[in-house]
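> Sharing a structure, written as structure tokens. Questions coming.
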Amino acid sequence: MPTIIKPEILEYQTDINALADYGLKTLLPRLGTQAGSTHFTFDIRKLEPDAFSFPYHAHRNSEELMMLISGSMTLRTPGGFSILEKGDLVFFETGESGAHQFYNHGSVSCEYLDIRSTIGMDVVDYPDSGKINILPQREIYETNSRVTYNKGEENVREIWEKLKE
């Protein structure tokens with residue numbers, strides 16, 4: 001059965017863990033969750049003036065589609081900066097070419113619809129800070145701690161012998 005959501009009766013909230021420069025607010029309860037979606041995460045978000053959205057990031061296993069509902073903001077991508085206006089749609093493919101971040105350069109809040117595919121796990125790369133985030137678990141690691149596949153596996157025979165005891 002279709003789910004009808006009336007955004008005007010919902011309330012915007014800011015992530016309590018967000019840094020001061022990140023003024024992104026999300027309608028709660030989260031719209032995708034409210035609708036019972038299994039393959040999409042979708043929300044309406046509000047970005048305050050002189051604030052950034054999320055840290056600059058790219059998804060390895062999720063595509064994203066954003067539509068600006070009101071206001072104007074600056075989009076950062078690997079190709080540079082673009083100004084987005086009300087009604088603009090932007091599609092972000094998977095991988096580093098789909099990296100993005102928003103900044104509200106205006107004097108009024110802007111709102112946008114954010115839709116992301118959520119099939120299985122996703123890994124989000126943060127090029128500015130050298131981190132990865134494994135979703136949906138939200139396990140965050142620094143990429144400079146990357147190791148080779150065989151690290152720690154040199155003693156397989158010893159491990160087997162101990163397990164046999």
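> Applying the selection to the range 107-165, what residues are more than 18 Å from Pro55 (Cβ to Cβ), in contact with a strand residue (DSSP E or B) (Cβ under 6 Å, 6 or more places away or on another chain) and modelled with pLDDT of 90 or more?
If the condition is that a residue be more than 18 Å from Pro55 (Cβ to Cβ), in contact with a strand residue (DSSP E or B) (Cβ under 6 Å, 6 or more places away or on another chain) and modelled with pLDDT of 90 or more, then Ser109, Cys110, Glu111, Leu113, Ile115 are the ones that fit.
> Across the range 4-24, what is the number of residues that are of a type outside the set (Asp, Glu) and surrounded by 10 or more Cβ atoms within 10 Å (Cβ to Cβ)?
Number satisfying all stated conditions: 10.
> Could I ask something else about it? Of these, Glu165, Glu142, Glu93, which one is surrounded by 11 or more Cβ atoms within 10 Å (Cβ to Cβ) and free of Cβ contacts under 8 Å to residues at least 24 places away in the same chain?
Step by step, each of Glu165, Glu142, Glu93 is checked, and only Glu142 is surrounded by 11 or more Cβ atoms within 10 Å (Cβ to Cβ) and free of Cβ contacts under 8 Å to residues at least 24 places away in the same chain.
> Considering each of Asp88, Asp50 in turn, give the residue that is acidic (Asp, Glu), over 13 Å from the mean Cα position of the chain (by Cα) and under 23 Å from Tyr126 (Cα atoms).
So the residue among Asp88, Asp50 that is acidic (Asp, Glu), over 13 Å from the mean Cα position of the chain (by Cα) and under 23 Å from Tyr126 (Cα atoms) is Asp50.
> If you don't mind, there's one more thing I want to ask. In the range 148-162, is there at least one residue being under 22 Å from Thr14 (Cα atoms), open to solvent by 30 Å² or more (accessible area, probe 1.4 Å) and among the β-branched types (Val, Ile, Thr)?
no
> Let me ask something else. Is the range 136-151 home to any residue that is in a loop (DSSP other than H, G, I, E, B) and among the hydroxyl-bearing types (Ser, Thr, Tyr)?
yes
> Restricting to the range 49-62, and then to whatever is polar (S, T, N, Q) and more than 20 Å from Ile16 (Cβ to Cβ), can you tell me which residue is least open to solvent (accessible area, probe 1.4 Å)?
Ser62
> Related question: From Ile69, Ile5, Ile9, which residue is of a type in the set (Val, Ile, Thr) and in contact (Cβ under 8 Å) with a residue 40 or more places away in the chain?
On inspection, the qualifying residue turns out to be Ile69.
> Kindly establish whether Lys46 is among the basic types (Lys, Arg), open to solvent by less than 60 Å² (accessible area, probe 1.4 Å) and over 24 Å from Ile134 (Cα atoms).
Yes.
> Now, a different point. Of all residues being hydrophobic (A, V, I, L, M, F, W, C) and in a loop (DSSP other than H, G, I, E, B) in the range 40-58, which is modelled with the lowest pLDDT? Just the residue, please.
That would be Phe54.
The values are calculated or read from the model by the stated rules, or taken from the named source; none is laboratory data. These figures come from a predicted structure and were not determined experimentally. Reconstructed Cβ throughout: ideal geometry from the backbone, glycine too, with neighbour counts over all protein chains shown. Surface accessibility is based on the protein's heavy atoms, side chains included, excluding ligands, DNA and RNA. Shrake-Rupley method; radii C 1.70, N 1.55, O 1.52, S 1.80 Å.
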